[in-house]
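One structure is given below, encoded as structure tokens.
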Amino acid sequence: MQLPEEEGAELLSIGNDWFAVLSDFGICRVISFCGLELYQFSTNRPIVSMCAYEHLLCLVFHDTLPILKN
């Protein structure tokens, strides 16, 4: 499995028999250990963290835009 040249890996999580890669374009790919892409989806929110446990994948994201103090 190789990401397209214009994409870079931001986050990686490993489950029981799969792993998930989140690219800097916000595309999450779930891939089996034998190399088959099981799922692909995109997010429209900034992902902060990603973790996996057995057959579960958890994405942590910002719900609103951050407020900057001036």
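The values are calculated or read from the model by the stated rules, or taken from the named source; none is laboratory data. Values in this document were obtained by computation on a predicted structure and should not be read as measured data. Positions of Cβ are generated from backbone atoms using ideal geometry, with glycine treated the same way; all protein chains shown enter the neighbour counts. To get the accessible areas, we keep the full protein, side chains included, count just its heavy atoms, and leave off ligands, DNA and RNA. Shrake-Rupley method; radii C 1.70, N 1.55, O 1.52, S 1.80 Å.
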Surface accessible to a 1.4 Å probe, per residue, for the residues of the chain, Å²: 77
Gain upon complete extension [Leu3, Ser49; 0.36 nm per residue less C-alpha separation]: 14.6 nm
Size of charge dipole - the chain - debye, nearest 20, with Cβ of Lys, Arg +1 and Asp, Glu -1, no other charges: 300
Portion, in percent, of the accessible area of the chain that falls on carbon or sulfur, probe 1.4 Å: 56
